[in-house]
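Reading through the C-alpha cells given below for one structure.
The values are calculated or read from the model by the stated rules, or taken from the named source; none is laboratory data. All values reported here derive from a predicted model rather than from experimental measurement. Glycine also receives a Cβ, built like all others from the backbone with ideal geometry; neighbour counts cover every protein chain displayed.
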Amino acid sequence: MFEPRLALASLSGEADAAWAAAGAELAGAAFIGGIALDKPSRKAARKLTERDRNEFLPVDPLAFITSQLSQLVDVPVRAGVNVRTTTVDPVQKAAAICADHGAILEINAHCRQPELRAVGCGERLLADSDRLTTYVEAAAAEGPAVSVKVRAEVSGVDLPTVAAQIERAGADMIHVDAMDSEQVIKAVDEATDLFIIANNEVRDRQSVQEYFGYGADAVSVGRPSREPDGPVMQRVASAVEAWEAPVR
C-alpha cells in the first residue's frame, strides 16, 4: 500500500497538505482531515470549535479535498483523506475525488466526541456495521483504495467481526486505534487479509516492534507528526526502517 510503512494520522483542523508535505521525508502515507462532509457532521464540528477544538470547516468540503490533494501531486507521500458524514452520497463524491488523485479514502468510524456521536459519526458508525459497510461499498465503487479508521474497546463492537465485514464490502485497509488493547491487532490480522495500520502510543522502537509483531502492516503517528524533526518521529521512523531492512 505504501512505503515506508509509517503513516501520519489525521489531526482535526491541523492535518492538511502542508502538514503532509512536512512529514513526507519520513512517512509513506499521510491522512489529511478529518473533514466533515454533510450538514449534520459539519454542525457537530462547529460545536466542537465552540469548546476550542480545531476543525476543518471550509465552505465547500469537496472543493477543499480537491485543493489539498492537488497540492500533494509532486510530494513523495501517498495521500489519504479522512472523512466524517452521516449520509452516503458525500462518501461517494469524496471517494471519486480520491480516485482521481490516486489517494486513499478513509471513512472515520473512530471519533468519540459526544457531538459527533450524537449525529451518528465516529464510534456510532462503528457500532452500526450495516451502515458502515454501505459507506465502504459506495466508496469502493468509485475506485480509490478504501480505509476505515476504527477504535478498539468500543462497547458492543467485536472489531475482528467488523473488520471482516468491511473487507467483504471492499475495504483495502483498516486503521486501528488500539487504545489499551494492542493484541486486537493480532485478532484483526487473523480474521482478515486487510492491510492493517496500527495506531496509539507509537513512540519508539519497542512500540513499533510490538505492533508489527502482532501482525500490523504499518504504524501511524498522530500528535507527534506535527513535529517531523522531533525525537518521537525520528525514533519511530528509524524503528520502521530497521524492521523493514531484513525484508529488503
* Is it true that ALA198 is surrounded by 15 or more Cβ atoms within 10 Å (Cβ to Cβ), more than 23 Å from GLU14 (Cα to Cα) and modelled with pLDDT of 95 or more? -> no
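Looking only at the stretch 155-184, filter to residues that are β-branched (Val, Ile, Thr) and crowded, with 20+ Cβ neighbours inside 10 Å; which one of those is nearest to ARG223 (Cα to Cα)?
Applying the first criterion (β-branched (Val, Ile, Thr)) to the stretch 155-184 yields 157, 161-162, 166, 174, 176, 184.
The next check asks that each one be crowded, with 20+ Cβ neighbours inside 10 Å; those that pass are 162, 166, 174, 176, 184.
On the way: VAL162: 27, ILE166: 27, ILE174: 19, VAL176: 16, VAL184: 22 Å.
Per the stated criteria, the residue is VAL176.
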* To do: Select, from SER70, SER10, the only residue that is touching a residue at least 60 places away in the same chain (Cβ under 8 Å), polar (S, T, N, Q) and either surrounded by fewer than 16 Cβ atoms within 10 Å (Cβ to Cβ) or under 16 Å from ASN199 (Cβ atoms) (or both).
  => SER10
* Within the stretch 201-248, track down each residue that is of a type in the set (Asp, Glu), free of Cβ contacts under 8 Å to residues at least 60 places away in the same chain and either in a helix (DSSP H, G or I) or buried (at least 19 other Cβ atoms within 10 Å of the Cβ) (or both). => GLU210
* **Any chance ALA140 is part of a helix (DSSP H, G or I), touching a Pro at 6+ places or on another chain (Cβ under 8 Å) and under 25 Å from ALA218 (Cα atoms)** => no
